[in-house]
Ligand SMILES: Nc1ncnc2c1ncn2[C@@H]1O[C@H](COP(=O)(O)OP(=O)(O)OP(=O)(O)O)[C@@H](O)[C@H]1O
Ligand SMILES: [Mg+2]
């Protein structure tokens, strides 16, 4: 499989391997810590010196998904023995489960807003990038620069105008509002990245399709899109990561209906002080969708672009 | 009926003139070969007919119908690109099916399979049908791109050096196949090549382009035997025509500046002495590189000639061409 002009020696390979693994461990350390904390008891989580070896517990996950209230030992006794394993965990602290927490809803909001805005950014970005790449657009360079310039300041710099505008338009704390906002922020990145990818696709393919009896749009759909898949996939990942992790606007513009998980997770309060295992559990689960998404699209990211079939 | 008519077609790319006021009539069912050195405007002319580019001035008619504003799909032309561009995300089979599946044709499944198999057979690529288009040699790619044109039956085929990267044997086979297809379908072909044999054997007409101008149009024999200029004479003939000062061999007609002689216009064994500088044995023919009064010229001789470098042969012109100072032929 591996093919290069000069095959590296096995010693070079070992050194490269050690460096890569070392770097990976270093960057993964906080992640490992978060995942571990999610499985600790609140006492273990704040123990000093920190506990590396501990007895795993699902307390954090139970607390993440439930709301609980404290009851007197007499009332607790009157309830009889716990019926489920999570009941049992909660009752150790003289508490009973009163219902589900809001984590599930907030998570769903993140999914809707994150994937919705990613789809919209990539969809609009692809169309705009195609037009910029293939057509004579008047003032093309200026327009492209203008699109890029929207990223030259931190988006949060316009927080106040957006806050006021959203309040006037009734977009505050709505899914639509958040999708539009994240799309607006992501669009410049999406247009620029995708234009680069589409520029790399030789125009000869579309010309061949035009001759073969297809319209311009059909040629775009049948010939350009499949070849831009790599670019679309990587752009989608970048857009999703931004929208998924965005914190500042989410705090500012959402509080109820459309609140996403990032502002919600730190507000998880336990019995006495922060419930760190529940926070860590929330963060761990929150990582999963983006990991799955990235792994699913990895094939496209690694495949690269084929130039093979055009004689240069 | 698919006669192609170009009327005063001009095209420039910025300051670069690619086609200048070209008038050309390709009769229905003709096989027209376009000749011209690189940059002469051959590809540009095909693109005007296909509709991929629009002329700056002038009009294109196919089968009597004005093509202005019609997209390529509506013109019923097939084109083999010089840069044979196979769809890299498809297999060879899918590439060849692609035109048949177009919304214009909507060919039924069985007909597609049969047609692709038939064309693949002709092009000798049946065994590669399930390869990815990128996993092919240059010659195989080129044949697939011809295949993509042949699966359809349009009234006009445009081919831009379709056989350029094939070996001699395949080229000879496909020359005959293409000629058969053209004869059987009665389709009109507009064909670009730099290959003399293709031009001479396949063409019913040859058009010579010079810097975007159509300088001569006629049968291959006419172009070869009655070239209008040094330029047109230089398009055909292997080895290349010898162009020398008109009076080199003796008195020349009034006004003649150059004498042009193809190998068969040089009679050997009579006339004046020339020095053999080099003998090139090509197998079927042997070329003599001669020095004559400080000028070099090339001719052919019997394949098994005993002549060697340093020998002397006598030569004289035999019904040569004369050209004036501008390179135009004098008759
Ligand atoms: N898209 C373009 N932009 C700018 N100039 C162009 C373009 N297409 C062609 N030209 C110019 O027009 C002239 C004719 O080009 P064309 O491709 O028709 O030549 P050709 O006869 O096909 O040459 P070749 O034998 O090398 O394929 C050339 O000078 C070329 O540089
Ligand atoms: Mg060309």
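Coordinate-derived values only; no laboratory data. Treat the numbers as computed from the prediction; the structure is a model and nothing was measured. Cβ coordinates were reconstructed from backbone atoms using ideal geometry, including for glycine residues, and neighbour counts include every protein chain displayed.
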Could you give the length gained by full extension between residue A:7 and residue A:119, i.e. 0.36 nm per residue of separation minus their alpha carbon distance, to one decimal place?
36.1 nm
Residue-averaged [θ]222 nm for chain A, counting only DSSP H segments that reach four residues, each worth -39500 (n - 2.57)
-20500 deg cm²/dmol
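Which value, in Å³ per residue, describes the convex hull spanned by the Cα atoms of chain B?
Cα-based convex hull of chain B, divided per residue, equals 160 Å³.
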FRET E, pair residue B:319, residue B:257, Förster distance 22 Å, beta-carbon r, rounded to 0.05:
0.75
With only alpha-carbon atoms counted, please give the Rg and Dmax of the protein assembly as shown, in Å.
37.7, 135
Per its Cα gyration tensor (rounded if a/c is under 1.5, else prolate when a/b beats b/c, else oblate), the stretch A:206-250 is best filed as prolate
Pick from B:137, B:12, B:165 the residue whose mean-square fluctuation is largest in a GNM of chain B, springs joining Cα atoms under 10 Å.
B:137
Volume in Å³ per residue [convex hull over Cα atoms, computed for the stretch A:104-267]:
129
Taking a ≥ b ≥ c as the square roots of the eigenvalues of the Cα gyration tensor of the stretch B:244-320, is the shape rounded (a/c under 1.5), prolate (a/b larger than b/c) or oblate?
prolate
Mind checking which of A:206, A:74, A:105 has the largest fluctuation in a GNM of chain A, springs on alpha carbons under 10 Å?
A:74
Dividing the Cα convex hull volume of the stretch B:189-331 by residue count, how many Å³ per residue is that?
118
With a ≥ b ≥ c the root eigenvalues of the C-alpha gyration tensor of the stretch A:1-156, is it rounded (a/c under 1.5), prolate (a/b larger than b/c) or oblate?
oblate
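Where both residues lie in the protein assembly as shown, what percent of DSSP beta bridges are antiparallel, nearest 5?
Antiparallel bridges make up about 75 percent of those DSSP assigns within the protein assembly as shown.
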With a Förster radius of 45 Å, plug the Cβ-Cβ distance of residue A:152 and residue B:247 into 1/(1 + (r/R0)^6) and report the FRET value to the nearest 0.05.
0.05
If you project the alpha carbons of the stretch B:127-247 onto the principal axes, what extent comes out on each, in Å, largest first?
63, 29, 26
Cα centroids of the stretch A:246-278 and the stretch A:5-35: how far apart, whole angstrom?
35
Direction-averaged shadow area of the convex hull around the Cα atoms of the stretch A:7-95, nm²?
9.4
Among A:199, A:173, A:142, residue whose mean-square fluctuation peaks in a GNM of chain A (springs only between Cα atoms under 10 Å)
A:142
Label-reachable residues, the stretch B:22-48, where backbone N falls under 20 Å from a point 7 Å from residue B:183's Cα toward its Cβ:
B:27-33
How many Cβ atoms of partner chains, on average, are near each residue of B:79-87 if near means within 10 Å of its Cβ?
6
Over all viewing directions the Cα convex hull of chain A casts an average projected area in nm² of 25.2
What is the order of B:125, A:241, A:162, fewest Cβ neighbours within 10 Å to most?
A:241, A:162, B:125
Potential extension, residue B:57-residue B:10 segment - 0.36 nm per residue separation minus Cα distance:
16.4 nm
Give, to the nearest whole percent, the P(r) tail of the stretch B:30-81 beyond 14 angstrom, counting all Cα pairs.
55
With Rh as the Kirkwood radius over Cα pairs, the stretch B:51-210 has Rg/Rh of 0.96
Within chain B, the percent of DSSP beta bridges that are antiparallel, given to the nearest 5, stands at 75
For labels at residue A:74 and residue B:303 in the simple 7 Å Cα→Cβ model, what's the distance in nm?
12.2
Post the alpha-carbon centroid distance, the stretch B:65-108 to the stretch B:155-183, in whole angstrom.
18
Would you work out the relative contact order for chain B, in percent, from Cα pairs under 8 angstrom that are 6 or more residues apart?
17
Sticking with the crude label model, points 7 Å out along Cα→Cβ, report the distance from residue B:222 to residue A:248 in nm, one decimal please.
7.6
